[in-house]
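Rule-based calculations on the coordinates, nothing more; no lab input. All of these numbers come straight from a predicted model, not from anything done at the bench. Cβ placement follows ideal geometry from the backbone for every residue including glycine, while neighbour counts extend to all protein chains displayed.
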Amino acid sequence: MTIHRDQVWQLTKMLCAQRSIDPWLQMAFNEQEGEKDKTNPLLYRPDVTRLEQNYYRRYIVAMNYATTTEGLLAMSWGIRQMMGESLREIGWFAANLARQNDAYRATYNNDPMHYLGIVDSLNRYCVEPSEQIATGIDWYLKKLKAAGGDQDKAILYYNGGGRPGYKDELLARIPKLQSIYSI
């Protein structure tokens, strides 16, 4: 599955407008985090996942979920490479469950973290680029609030603060994006 960068930009603009936030930084996050198709770098691959082993050891192993659930929470997902645990923290699993019908919810005992329900939820997430971008924006807004409105800190918090050059790489993408999409 792929989605063209122009479509990602349109979704980003729409979702940022709904949240009254500037779309340029959010599109830069998409460019920074999203894996591109090897034959066409204008195509994002929203179904890409990556196990983050250090994240697993540091944050997840002590949570005492089922082993598979722990692994899924320690993976990053989609265009924004959102950690499964970050999706849980911002309520995405609960929101996904709430959108389903009564029979679906009953199958998973109305538990958004049901060991089988989480698999189904993440399968849905991988085919919904708009959900991926929206949750990435919401995660950034959560980090911006935690940073007291300081964008530089929020960017580091967004990425876990583990890579010092991350902020500069991210911000350097904005002028290029602005030239592509003509402000």
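Laid out as a table, the results:
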read-out	value
Sequence-distant lysines (8 or more away, or on other chains) whose Cα lies within less than 25 Å of residue 13	36, 142, 143, 145, 153, 167, 176
Among 150-162, 168-180, the order from most to least packed when residues are scored by Cβ within 10 Å on average	150-162, 168-180
Order by protection proxy (mean Cβ within 10 Å, highest first), peptides 39-48, 103-112, 23-32	23-32, 39-48, 103-112
Helix 5-19 axis, angle to the chain major axis (alpha carbon atoms, nearest 10°)	80
Distance between region 1-44 and region 140-163 - C-alpha centres, whole angstrom	19
Principal-axis tilt of helix 117-126 within the chain, Cα atoms, nearest 10 degrees	20
Values of log10 I(q)/I(0), in the order q = 0.09, 0.18 Å⁻¹, for the chain under a Debye, Cα-only, solvent-free model	-0.32, -1.26
Calculated from backbone phi, Karplus (6.51, -1.76, 1.60) coupling profile of region 86-94 in Hz, x at Gly/Pro	5, 4, 4, 4, 8, x, 5, 5, 5
Relative contact order computed over region 50-126 (Cα-Cα under 8 Å; 6+ residues apart), in percent	24
Cβ charges +1 (Lys, Arg) and -1 (Asp, Glu), total dipole of region 1-60, debye	160
Which of 25, 49, 7, positive extreme of dipole for the chain (C-beta unit charges)	25
